[in-house]
Structure formats: structure tokens, C-alpha cells
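Below: one structure, written as C-alpha cells.
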Amino acid sequence: VGAVHATVVPLYLAAAGGPTVDPTALAVLSQACLDGEEARFDYQRRDGETSRRLVEPHRLVSAGGRWYLVAWDGRRGDWRTFRVDRLTDARLAGRRFPRRPIPGGDAAAFVSRSIGAMPTQHRVELVVDAPEEVVARATSAVRGRVEALADGRCRVEMGADSPEWLAFVVAELALDHE
């Protein structure tokens with residue numbers, strides 16, 4: 001429990017539910033993040049393809065009812081974001097690794113950028129009567145972009161595969177918008 005508390009970063013605290021996550025996987029990944037130990041797991045990508053992974057876990061991020069692992073994937077030579085509900089058979093690999101700085105220095109921001117880069121089926125554009133910082137925090141778990149406008153408002157472009165999810169996020173803003 002201490003490892004989970006020490007390694008989880010919240011990105012968005014919405015009331016929306018998410019897929020079920022194996023608590024053992026969360027415990028293993030949290031311990032790996034805390035101890036700087038490599039982890040192995042089988043991973044199912046968004047397109048359904050599965051692969052075995054060996055990664056250097058750095059942080060867990062809870063976002064919009066989902067859990068994400070931010071990790072360095074040595075085989076691919078790059079940082080990756082993994083949805084924890086899509087991985088199975090998580091286990092420690094028994095080898096420590098040197099800490100690397102997460103791009104941008106913030107795991108939650110890294111996950112937000114990763115989510116924002118994924119293609120979506122539905123998009124929405126809003127003009128919100130609130131400053132950019134406020135809206136950026138409120139929309140951080142969705143695939144989107146926030147742009148400040150000259151009059152203290154901002155433009156928000158968001159995407160999701162579910163129109164219901166987009167409607168939920170817009171309703172959760174609790175800010176005036178067009």
C-alpha cells in the first residue's frame with residue numbers, strides 16, 4: 001500500500017468509472033516504480049495485438065477512471081504509456097535500473113500528451129469562459145488541446161472514441177462555454 005501511495009500521481013479526478021484493474025498488477029508496478037526495478041508483463045495494444053514487455057517503470061498515473069504506467073521501454077528505446085487494464089502477468093524482473101528523467105519532468109503531463117496524440121472517432125471544439133490554466137486542469141485526462149484567447153477565455157479541442165465520454169467531460173467542466 002505504501003508503494004502505491006508513493007508512486008501514484010492523479011491526473012484527473014472525475015467521477016467516471018473505468019475498466020477493472022488487477023490489484024496485484026498495481027502492487028507489482030508500484031513496487032517496481034518505488035524500487036527502480038524492471039518489470040515484465042504481457043500487453044494488449046489498442047488494436048488488439050499482444051506483446052511481451054520489459055520496461056523500467058517510473059510512475060503510475062490515475063486519469064479519468066483509468067490507470068496508466070509511465071515507463072522507459074529499452075527494447076523500443078523510448079518512453080511509453082501503458083494502460084494497466086490492458087496488461088497481464090505483471091512481475092518484477094529482478095534487475096535495477098538507473099533513474100531517467102521523464103520527458104517534461106511530470107508523469108501526469110506525459111500521460112496527458114500521450115492521450116492527446118491518439119487518434120479519435122469524435123471531436124468537439126468549445127470556447128470556454130475561463131483562463132487557460134483552469135481549463136487545462138479540468139480537461140487534462142482527455143485527448144485535447146487548450147489555447148488561450150485574447151479576452152481571458154480559451155478554445156478547447158477534445159477527442160474521444162465515445163460521444164458520451166465527451167458529453168461527460170463537457171458537463172464536468174462546470175464552466176460557461178459555447
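Quick look at the numbers
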| quantity | calculated |
| --- | --- |
| Residue list for segment 61-74, filter: open to solvent by 40 Å² or more (accessible area, probe 1.4 Å) and not hydrophobic (A, V, I, L, M, F, W, C) | R66, G74 |
| Hey, T88 assigned to a strand (DSSP E or B) and touching a residue at least 60 places away in the same chain (Cβ under 8 Å) or not | yes |
| Test: residue in segment 75-84 that is of a type in the set (A, V, I, L, M), open to solvent by less than 20 Å² (accessible area, probe 1.4 Å) and within 13 Å of the chain's Cα centre (by Cα) | yes |
| Residue count, segment 66-85 (criterion: assigned to a strand (DSSP E or B), of a type outside the set (F, W, Y) and under 18 Å from P103 (Cβ atoms)) | 7 |
| Residues that are outside any strand (DSSP E or B), of a type in the set (G, A, S) and in contact (Cβ under 8 Å) with a residue 12 or more places away in the chain, drawn from segment 38-65 | G64, G65 |
| Residues (open to solvent by less than 40 Å² (accessible area, probe 1.4 Å) and out of contact with any Gly (no Cβ under 7 Å at 6 or more places or on another chain)) located in segment 85-97 | L87, A90, A93 |
| Check on R143, surrounded by 14 or more Cβ atoms within 10 Å (Cβ to Cβ), at pLDDT 75 or above and charged (D, E, K, R) | no |
| Segment 43-60 - residue that is closer than 16 Å to G77 by Cβ and of a type in the set (A, V, I, L, M) and, of those, surrounded by the most Cβ atoms within 10 Å (Cβ to Cβ) | V55 |
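The values are calculated or read from the model by the stated rules, or taken from the named source; none is laboratory data. Just so it is clear, the model here is predicted, and its values are computed rather than measured. Neighbour counts are summed over all protein chains in view; Cβ atoms, including those assigned to glycine, are modelled from backbone coordinates with ideal geometry. Ligands, DNA and RNA are excluded from the accessible area calculation, which covers all protein heavy atoms including side chains. Shrake-Rupley method; radii C 1.70, N 1.55, O 1.52, S 1.80 Å.
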